[in-house]
Structures are given as structure tokens and as C-alpha cells.
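Q: Following this message is one structure expressed as C-alpha cells.
The values are calculated or read from the model by the stated rules, or taken from the named source; none is laboratory data. Computed from a prediction, not measured in an experiment: that's the story for all the values here. Cβ sites come from the backbone with ideal geometry, for glycine too, and all protein chains shown count toward neighbours. The area values use the complete protein model at the heavy-atom level, side chains included, leaving out ligands, DNA and RNA. Shrake-Rupley method; radii C 1.70, N 1.55, O 1.52, S 1.80 Å.
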Amino acid sequence: MLKIENLRLPPGAGPEALAQAAAKALRVPPEAVRRLEILSRSIDAREGVAVIYTVAAALENETAVLRRCRNKKVHRFEQEPDYHPPEPRLPLDVRPVVVGAGPAGLFAALVLALAGQEPILLERGRPVEARKADVEKFWSTGELDLTSNVPFGEGGAGAFSDGKLNTGTRDPRHRFILRTLAAAGAPEDILIDAKPHIGTDYLYITLQNLRKTLLSLGTDIRFEARLTDLRTENGVLKGIAVEGPEGAYELPCQSLILAPGHSARDTFAMLYQRGVQMEAKPFAVGVRIEHRQADCDAARYREYAGHPGLPAASYKLACHLPNGRSVFSFCVCPGGKVVAAASEAGQVVTNGMSEFARAEENINGGLLVNVTPEDFGSSSPLAGIEFQRRMEAAAYTLGGGGCRAPAQRVEDFLKNRASAGPGRVRPSYRPGVVWTDLRQCLPPFVADALAEALPILGRKLQGFDASDAVLTAVESRSSSPVRIPRDDSGQANIQGLYPCGEGAGYAGGILSAAADGMRCAETLLEKSASALLE
């Protein structure tokens, strides 16, 4: 097959137009192309608006066609190497344990299960079916369930998000992850889109089917099972303590993959008390900003705004301020909602969510400022958590309780005055917002950086700093505030403990977290095999 890159088609062009474009690039008649496979698809809105395809074409006499067409966009198609999970092997003497059923934990458990290890998967929250009802109740009433919420439960925090599968790295595991998700019910489009997303509605289905796969491979999945302690001897893991629905119990454990997610604050505290080395790490905090999706479409797509052949427009913005701070967009959710994402009482935390269709009225995204351990006010490895808590508690107080969130129009924020109500942009956050002055809950340097950046970003994307765009506070869980160092064998300073994923400080999204979980499982299996040979 021959690979053809950068085929530019107008929005809405169908398969026939794509086939004709491929034939033209190859300088052959359309009927000479026997089969056409789409490898990737993206939107280019920089100069005009076009859909960009990379395809693989099958035809006779490919060597002659390649020599004759003399097109720099045409090459021999070389299939990227497939990821092959470790081969099944004899089970370990003590079943490995995975803590956390977010992307890292689920795919770590899958690799172990495919290798015949029948892991035990502990998840402090509930299955996604029960979790969906718990979260909906929270959004409707403001009554937070500390066991089952947006950060805790099957699927992790990503289960109530946009389900973006972007990554800046190339790894053969990524294709395996995408194929696994598609086989479990995710949209097939994730296999070709340059910026794939699943959407909360499809994630709900995908997680249930992935669970069935794990169970069929012998995985023991235990929900509402929280890791409460480690049992060690001379720096070696021997067992763990678990709090489950029937009470506390001990579990023998010599190999533990720890994928706690970025909000498992009690777990981080326990690990610190047990001597697990960890360090405070930089992350970012700020607000969610909402605009009307139609306005964003108009700014990005211009005369093509509203075209049925185009997805809801998105954006990626950043600026570097003279004082060294960076302000940037994060986790943008076209056609989505701002959602309540607290995991502790007396706090307000915001996040973004959208379904696969991205059909809601607004687009929202995190508007964040980088923070470093020097900003936290303490040298403790857990200082970033306390920094988050102070912001979240201030937002809760400013919202008046009941997990209502403080909100402000951009115009009022820039003029340093409280807002009295919305303009054209209606806030989507539930259980509701309180119009106020966000400077009362944001650290001064964060508020100042946001105010300085908004006009700059407005020049990069028309309307980004529109007067009635809505800021909702606070967005404080962009990534984990701690990192658990691991050595060349993938272990923490306690032998047998393998920290991984976003919570441990080694990933930044669904795809990268899942890949990191897989790597940790592979490392565990390799080390176990080496130990058997010694």
C-alpha cells in the first residue's frame, strides 16, 4: 500500500471526493485505487477551513506508481509496530494488586490479566452505573457522596470529562489502548481522529465492557475497597490493609501497582506517614471559562461556522507573562458543561465535561496559571494539597454553601468589580452559581495573571475575552500536586510498590495514564521473571 499525506478537502466532502483526491495525488484514474483506508483526520482552520486526511491506498504496480507520481506526499506505507502484551506465564505466588480503577489502573490490570496473573483490582469508589446516579444526585442537590463522586469510582476522574485521548508522545501502546477502547464500545472515530475523544456517554458504556473483559480474564474487582495501610518489613512490601463494604481486612501483597488518581489525598497522607518518598510538584490552578459554542465556531471557522461537516470548534491557547508565569487553556470541552468535581466536604472544585456529540450550548475550558512548590507556603511534600484545599474552601465559602460555585463575567473581573448576573453566556455549572468577585477566592498572583492574560488571549482568539464570558471558580485539580519517585525498576523506595499514572505524577490524561499503567505492569512482570531465574 502507498501512504498519501495532507489531502485537503472542503468540509462535508464525502468518500468519493476523498478517493478522487487520492487518485489525483497518485496520478492514476480513480478506478485504479482498489482500496482506501483512512489513517488520520484533522481540521485545519488556519487559512480557510479544510479537513486534512492521511490515507493508505492499495493498487496494482505500486512501485511503478510511486516512481511515476513523483509526489513528496506519497510514500510506501509502513505499518506502525503493533504492541504485543506480555505472553501468559505461571501465576505469581502472591496475586498482584492494583489500586485504582482509573485509566492507569484498568490498563495495568488488563496487562497483568492477559499475562495470566489474575490480579486483584481495588477501587475505593463504586461501579460506573451506581457512580453515575451518585454524581447526578450531587449535581442536582449539592449533597456530596464521599465514596462515589467525580474523582472517585470506576473510570477515575476521566469518566466525567470530555474523554480526550490526546498525547504529545508516540508509543505503540497508544494504538493498543485505542483499539481496546473501541472494541469495548468507544466510537470508531477515535482510531482516525487526530484529536480523538470518547465523551462521557460512551465512556459509561466502554467502562462496563472493559470490566467484563477483566472479569473474564480472572481479575478480582473489588469496589468500595480503600487502601488504608502498607505492611512492610525492612523496606519490602509484605501486605496491605483495606477498608471494604464488610469492614477492614488484611491482604497479602508483594507487588502493588498504585494508581491512586490526583485526588486521593488521604492515600497520599498515609503513604507519607509510612515513609514512602514523595515530593511536591508543579501544577496549575485557575478557573473554568465559558463561551457560547456558536461564537467560538464563528471565530475559528468563519464562513464555515455551523457547517454540518465540521465538529464543534475548540482551541488551545497560551501566553507567557513578563513575570515568568504562564497562563494557558486546559481540558477544553466543546459543546460541554462545567461540572462540580469536589471529593471532600466544604469545597468547590470545577471541571469540564462533554458527551461525544458535543452538542451543548457552551464551550468551556480551564484557564490556568502555573504554580510551583515555592508558591505553596511550606516545604512539605503535601504542601500542594493544602494549597489546593485553601482555594477550594475559599470558593465554597464564597459560593454560600451547598457546593454552589462563585462566578463572574470577564468584563467585571477585568474591572475588579463583583458581577450581578449573566449576559448572553449562561453558566452551565450545577447545582448553581453565585455571582460575585472571584478575587476573594483566588490567590492574588493567580487573579493578577488571569487578568493580564485575558486580553492577550483575546487577541489570539477573537471573543475569548468577551465581556459576558463566564469565569467559574475554582479549577484546582489539573494534575497531581505530588510525585512519588520511582527507580529504574519502576518501584518506589519500598520494594514491591509501583507508583503510576496521573496521581503518582507520571501522566497527564487518559491515554498517557493508561500507557504508564501498562509499563508498570510490564516492569512488574519482568522483575518477577528475573527473580524466578535467580
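Q: Just subtract the alpha-carbon distance of residue 451 and residue 183 from 0.36 nm times their residue separation and send over the number in nm, one decimal.
A: 92.0 nm
Q: According to the square roots a ≥ b ≥ c of the eigenvalues of the Cα gyration tensor, what is the shape class of the range 34-79, taking rounded for a/c under 1.5, prolate for a/b larger than b/c otherwise, and oblate for the remainder?
A: prolate
Q: Another question about this same structure. Express the relative contact order of the chain as a whole percentage, based on alpha carbon pairs under 8 Å and six or more residues apart in sequence. Numbers along the way, then the final one.
A: On the way: 1267 pairs, mean separation 90.8, N = 534.
It comes to 17 percent, rounded to a whole number.
Q: OK, next. Straight-line reach from residue 527: which lysines fall under 23 Å, measuring Cα to Cα and dropping same-chain residues less than 8 apart?
A: Counting by Cα, and skipping residues close in sequence, residue 527 has these lysines nearby: 238.
Q: How high is the FRET efficiency between residue 345 and residue 378 when r is their beta carbon distance and R₀ equals 22 Å, given to the nearest 0.05? If you can, show how the numbers build up before the last one.
A: Numbers: r = 23 Å, r/R0 = 1.04.
Calculated value: 0.45.
Q: Report, by chain and number, residues whose modeled amide H sits under 5 Å from the one on residue 352, excluding near sequence neighbours (fewer than 5 apart, same chain).
A: Here the answer is 339, since their amide H atoms fall under 5 Å of that of residue 352.
Q: Looking only at Cβ-Cβ distances, which cysteines of the chain have no other cysteine closer than 4.7 Å?
A: Result for the chain is 69, 253, 296, 319, 331, 333, 403, 441, no neighbouring Cys Cβ within the cutoff.
Q: Normalised by the empirical 2.2 N^0.38 Å for globular proteins, what value does the Cα Rg of the range 471-525 take? Mind showing how you got there, number by number?
A: Values: Rg = 13.1 Å, N = 55, 2.2 N^0.38 = 10.1 Å.
Ratio of Rg to 2.2 N^0.38 Å for the range 471-525: 1.30.
Q: Further question on the same structure: What percent of all Cα-Cα pairs in the chain falls into each 20 Å bin, going from 0 up to the bin containing the maximum distance?
A: Result returned by the calculation: 21, 50, 26, 2.
Q: Evaluate 2.2 N^0.38 Å with N set to the residue count of the range 174-223, then give the Cα radius of gyration divided by it.
A: Compared with the compact-globule rule of thumb, the range 174-223 sits at 1.21.
Q: Something else now. Would you work out if the range 101-147 is rounded, prolate or oblate? Take a ≥ b ≥ c from the square roots of the eigenvalues of the alpha-carbon gyration tensor; rounded if a/c is under 1.5, else prolate when a/b is larger than b/c, oblate otherwise. Don't jump to the answer; show the numbers that get you there.
A: Numbers: a/c = 3.95, a/b = 3.53, b/c = 1.12.
Because a/c hits 1.5 or more and a/b exceeds b/c, the range 101-147 counts as prolate.
Q: Quick one: if you stick a label point 7 Å off each Cα along the C-beta vector at residue 34 and residue 389, how many nm between them?
A: Placing both labels 7 Å beyond Cα along the Cβ direction yields 6.7 nm.
Q: Also, quick follow-up: Report, in deg cm²/dmol and to the nearest 500, the calculated mean residue ellipticity at 222 nm for the chain, where each DSSP H run with n ≥ 4 adds -39500 (n - 2.57) and the sum is divided by the residue count.
A: After summing the helix terms and dividing by the residues of the chain, the value is -9500 deg cm²/dmol.
Q: Return the tail of the calculated pair distribution for the range 130-199, meaning the percent of Cα-Cα pairs more than 14 Å apart.
A: Pairs farther apart than 14 Å: 65 percent.
Q: Here is a further query. Roughly how many nanometres apart are two label points built 7 Å out from the Cα toward the Cβ at residue 462 and residue 229?
A: So the two model labels end up 6.4 nm from each other.
Q: If each residue of separation counts as 0.36 nm, what is the full-extension length gain between residue 60 and residue 171 once their alpha-carbon separation is subtracted?
A: That pair, residue 60 and residue 171, stretches by 36.8 nm at full extension.
Q: Right, here's the next one. For each pair in 337/415; 164/316; 195/460; 24/195, compute the distance between the two Cα atoms and list the pairs where it is over 18 Å.
A: Checking Cα-Cα distances, 337/415; 195/460; 24/195 exceed 18 Å.
Q: Oh, and also: Using R₀ = 45 Å, calculate the FRET efficiency as 1/(1 + (r/R₀)^6) where r is the Cβ-Cβ separation of residue 326 and residue 17; round to 0.05.
A: Computed FRET efficiency for residue 326 and residue 17 comes out at 0.65.
Q: Follow-up. Using Stokes-Einstein with the Kirkwood hydrodynamic radius over Cα pairs, what translational diffusion coefficient do you get for the range 202-286 at 25 °C and a viscosity of 0.890 mPa s, in µm²/s rounded to a whole number?
A: This corresponds to a translational diffusion coefficient of 159 µm²/s.
Q: Okay, moving on. Accessible area of the chain with a 1.4 Å probe: how many percent of it is carbon plus sulfur?
A: Summing carbon and sulfur atoms, their accessible area is 50 percent of the total for the chain.
Q: Quick one: net charge around residue 321, please, counting Lys, Arg +1 and Asp, Glu -1 for every other residue with C-beta under 11 Å from its C-beta. Could you put the intermediate results ahead of the total?
A: Values: positive: 325; negative: 448, 452.
Net local charge, residue 321 excluded: -1.
Q: Next question. Which lysines have a Cα lying under 21 Å from the Cα of residue 212, excluding residues fewer than 8 positions away in the same chain?
A: 132
Q: If you don't mind, another one. Is the C-alpha gyration tensor of the range 313-352 telling us rounded, prolate or oblate? Criteria: a/c under 1.5 is rounded; beyond that, a/b larger than b/c is prolate, otherwise oblate.
A: oblate
Q: Then there's this: Quote the FRET efficiency, to the nearest 0.05, computed for residue 73 versus residue 212 with a Förster distance R0 of 51 Å and r equal to the Cβ-Cβ distance.
A: Numbers: r = 43 Å, r/R0 = 0.84.
Rounded to the nearest 0.05, the efficiency is 0.75.
Q: Calculate log10 I(q)/I(0) of the range 1-81 for q = 0.25, 0.27 Å⁻¹, where I(q) comes from the Debye formula with a single equal point scatterer on each Cα and nothing for solvent.
A: Reported log10 I(q)/I(0), two decimals: -1.23, -1.37.
Q: Over the Cα atoms of the range 47-113, compute the convex hull volume and normalise it per residue, giving Å³. All intermediate terms of the calculation are to be shown ahead of the outcome.
A: On the way: hull volume 12.6 nm³, N = 67.
Cα-based convex hull of the range 47-113, divided per residue, equals 187 Å³.
Q: Taking the solvent-accessible surface of protein heavy atoms with a 1.4 Å probe, what is the per residue accessible area of the range 421-534 in Å²?
A: Result: 37 Å² of accessible area for each residue.
Q: Percent of Cα-Cα pairs per 10 Å bin, from 0 to the last occupied bin, for the range 101-259, please list those.
A: 10, 35, 34, 17, 3, 0
Q: Additional query: By the scheme Lys and Arg +1, Asp and Glu -1, what is the net charge of all other residues having a beta-carbon under 11 Å from that of residue 419? Walk me through the numbers before you get to the answer.
A: Details: positive: 409, 415, 417; negative: 411, 412, 437, 468.
Charge balance near residue 419 sits at -1.
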